[in-house]
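Colleague: My questions all concern the structure below.
Just so it is clear, none of the values below were taken in a lab; they were calculated from the coordinates. Values in this document were obtained by computation on a predicted structure and should not be read as measured data. Cβ sites come from the backbone with ideal geometry, for glycine too, and all protein chains shown count toward neighbours.
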Amino acid sequence: MNKTRIIVLGALLAAIAALFQLMPYFLSEMLVLLTIFSGLPIYIISRINPQIGILSYIVASVIIMFFTVHEGLFFLCTNGIIGLSLGICNYYTKRKSIIWIISSFILTITLCIMNYGIGIPVFGGKIPGNIIIQLAILLCFSIIYIIIYSYFLSFIFSRLKKIRYF
């Protein structure tokens with residue numbers, strides 16, 4: 001794929017990711033579930049070209065932050081980083097266990113940053129137990145979420161590839 005075409009595709013996908021993440025801000029809080037799809041465009045471009053994927057992730061984050069810092073932080077630490085890590089890992093290896101482990105640890109770290117560093121409760125409230133139990137809960141959640149999300153993203157990517165979208 002031509003370098004210019006990849007850059008343009010990365011910009012377009014960054015804008016789409018930002019739109020998905022900003023849906024609750026612009027339309028209604030009832031659409032908060034649709035923010036899950038904000039990781040899909042970042043995954044697609046990261047799987048095609050990791051460098052453009054990183055750039056798209058940053059651009060989408062900046063666009064979102066212009067409107068709302070709260071949604072921007074959620075994108076940086078959840079759906080955006082999931083799409084980025086899964087896309088880059090899929091680019092370099094096809095072993096699902098390695099992809100899931102790396103992405104789960106990255107998600108756990110960013111969730112810890114949100115929960116303990118920034119002070120935004122990840123699950124909407126305090127996680128029960130001492131710090132070790134809390135970290136274990138975050139890691140277990142991350143592993144399960146990454147596996148499910150990975151299958152979803154791979155399914156969409158393979159469908160787009162079949163119709164020769166890229």
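Colleague: When we measure straight from the Cα of Lys3, which lysines land under 19 angstrom away, once same-chain ones fewer than 8 places off are left out?
Modeller: Result set, ordered by chain and number: Lys161.
Colleague: Here are several values of Rg and Dmax of the Cα atoms in Å: [x] 15.0, 44; [y] 15.7, 44; [z] 15.7, 52. Which one was derived from the coordinates shown?
Modeller: Calculated Rg and Dmax of the Cα atoms in Å: the matching label is [z].
Colleague: Now for a separate question. Nearest 20 debye, what's the magnitude of the dipole of segment 3-162 about its Cα centre given +1 on Lys and Arg Cβ and -1 on Asp and Glu Cβ?
Modeller: So the magnitude is around 740 debye.
Colleague: Round to a whole angstrom and tell me the spacing of the C-alpha centers of segment 5-32 and segment 95-127.
Modeller: Their Cα centres are 22 Å away from one another.
Colleague: Can I ask one more? Given springs between every Cα pair under 10 Å in a Gaussian network model of the chain, which of Ile144, Ile45, Ile88 has the largest fluctuation?
Modeller: The residue with the greatest mean-square fluctuation here is Ile144.
Colleague: Mean Kyte-Doolittle of at least 0.0 and a Cα length of 15 Å or more along the axis: which whole DSSP H helices of the chain meet both?
Modeller: Answer set is 3-26, 50-67, 79-92, 96-112, 131-162.
Colleague: Take the chain, mark every one of the trypsin sites (Lys or Arg not before Pro) that falls in a DSSP loop and has at most 13 other Cβ within 10 Å, then report the longest stretch left between them, sites excluded.
Modeller: Result for the longest clean stretch: 1-93.
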